[in-house]
Amino acid sequence: MRIKPIIRKIIELSGYTVHKIDPDNPEQREEVYDEDGLRSVHNHDFMQDPLFRVAYQRGVVANERDFNWHWRVHIGLWAAYSASKLEGDFVECGVNKGFLSSSIMEYLDWDKLNKTFYLMDTFYGLDERYISEEERAANILSKNVRGKYTNNPQSVIDNFAQWKNVEIVAGAIPETLDAVQPERVAYLHLDMNCTPPEVAAFNHFWDRLVPGAFVLLDDYAYRGHKPQKLAMDAAAASKHAQIASLPTGQGLLVKPAGAAAAT
Ligand SMILES: C[S@@+](CC[C@H](N)C(=O)[O-])C[C@H]1O[C@@H](n2cnc3c(N)ncnc32)[C@H](O)[C@@H]1O
């Protein structure tokens, strides 16, 4: 009987996984990415890219702490960079202190782009009027307790003051959606940790998304966020689009060229 598979099984039963690395190759130990619910031996040399590092660090400054979510930020920067080549503005729903959006603006040298970045948040955390019954039953408000997110909009305004063409929209989605009517949107990031406002924002911005626009869903595949995934799958299906599930926990949708385009 082979002993290794048995040991591996026992370890997996305790919630851990085992990956083989060459013990004679010290570099391989450093090659393991292990952060934010993602363990991988695949290439992640974006972490050494000086532009990535500067952008990531700007996000850490905004957030006042490092979440160690390099791969998620890498995906966000990639989507934002690609979207910067399209016509249309950028929108983030669920900003908090601005970790990802600050990284993006640093990375893209925002003021040179001539686009507006709409940053939408209550700036007081989740709004209990806009969570689903299922989320209420799962007690998501207790996981998103007061103090977890910023309730200081002025500090967010101060963080983004270095850039032009930023509109900070304070208030609960869906109530604030009508105040944000960009003609075209190239990048939409949904990160509100709850379902109803994300679906409302997705539907509100859909017709404004240009063909090829990027919709990044921060919580889509993340552990503990199944209601968001199911609701966003249904919302995407109603637009004849599909969401890719990423091992970072994010979801990514590229608006199909054939879908109704913003005029
Ligand atoms: C996980 S945080 C966003 C993190 C952010 N994207 C970053 O890069 O750090 C979730 C945010 O969604 C906001 N939020 C939750 N429900 C909301 C709603 N109905 N309308 C607007 N913002 C909401 C919260 O206030 C919180 O700041």
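The values are calculated or read from the model by the stated rules, or taken from the named source; none is laboratory data. Here the structure is a predicted model, which is why all the values come from computation and not from measurement. Don't worry about glycine lacking a Cβ; one is built from the backbone with ideal geometry, like all the others, and counts go over all protein chains shown.
Annotations
- Taking each residue of the stretch 191-211 that is under 16 Å from residue 90 (Cβ atoms) and looking for partners that are near the ligand (Cβ under 8 Å from one of its atoms) and assigned to a loop (DSSP other than H, G, I, E, B) with beta-carbon atoms closer than 6 Å, six or more apart or interchain, yields 191/94; 191/218; 201/173.
- Scanning the stretch 224-235 for residues that are assigned to a helix (DSSP H, G or I) and under 16 Å from residue 130 (Cβ atoms) turns up 227, 228, 231, 232, 235.
- Elements of type helices (runs of 4 or more DSSP H) contained in the stretch 124-202, each with 3 or more residues being of a type outside the set (Ser, Thr, Tyr) and within 14 Å of the ligand (Cβ to nearest atom): 140-143, 153-160
- Only listed residue being surrounded by fewer than 20 Cβ atoms within 10 Å (Cβ to Cβ) and of a type in the set (A, V, I, L, M, F, W, C), chosen from 190, 141, 126: 141
- Leading residue by the ranking (farthest from the ligand (Cβ to nearest atom)) among those in the stretch 58-85 that are over 23 Å from residue 188 (Cβ atoms), touching a helix residue (DSSP H, G or I) at 6+ places or on another chain (Cβ under 8 Å) and of a type outside the set (Asp, Glu): 61
- In the stretch 107-123, the residues that are of a type outside the set (S, T, N, Q) and assigned to a loop (DSSP other than H, G, I, E, B): 109, 113, 115, 123
- Taken together, the residues in the stretch 223-258 that are surrounded by fewer than 20 Cβ atoms within 10 Å (Cβ to Cβ) and within 16 Å of residue 37 (Cβ to Cβ) amount to 7.
- Scanning the stretch 97-111 for residues that are within 12 Å of the ligand (Cβ to nearest atom) and either within 12 Å of residue 53 (Cα to Cα) or more than 13 Å from the chain's Cα centre (by Cα) (or both), we see that the one that is surrounded by the fewest Cβ atoms within 10 Å (Cβ to Cβ) is 97.
- Against the test of being away from the ligand (no atom under 16 Å from the Cβ) and either part of a loop (DSSP other than H, G, I, E, B) or of a type in the set (S, T, N, Q) (or both), the options 213, 221, 241 yield a single qualifying residue, 241.
- Condition check for residue 58: crowded, with 19+ Cβ neighbours inside 10 Å and either at pLDDT 95 or above or in a strand (DSSP E or B) (or both): yes
- The residues on offer are 90, 67, and the sole one that is more than 11 Å from the chain's Cα centre (by Cα) and part of a loop (DSSP other than H, G, I, E, B) is 67.
- Within the stretch 150-171, residues that are in contact (Cβ under 8 Å) with a residue 40 or more places away in the chain have Cβ atoms under 7 Å from residues that are more than 12 Å from the ligand (Cβ to nearest atom) and among the polar types (S, T, N, Q) in these pairs: 165/116; 167/116, counting only partners at least 6 apart in sequence or on another chain.
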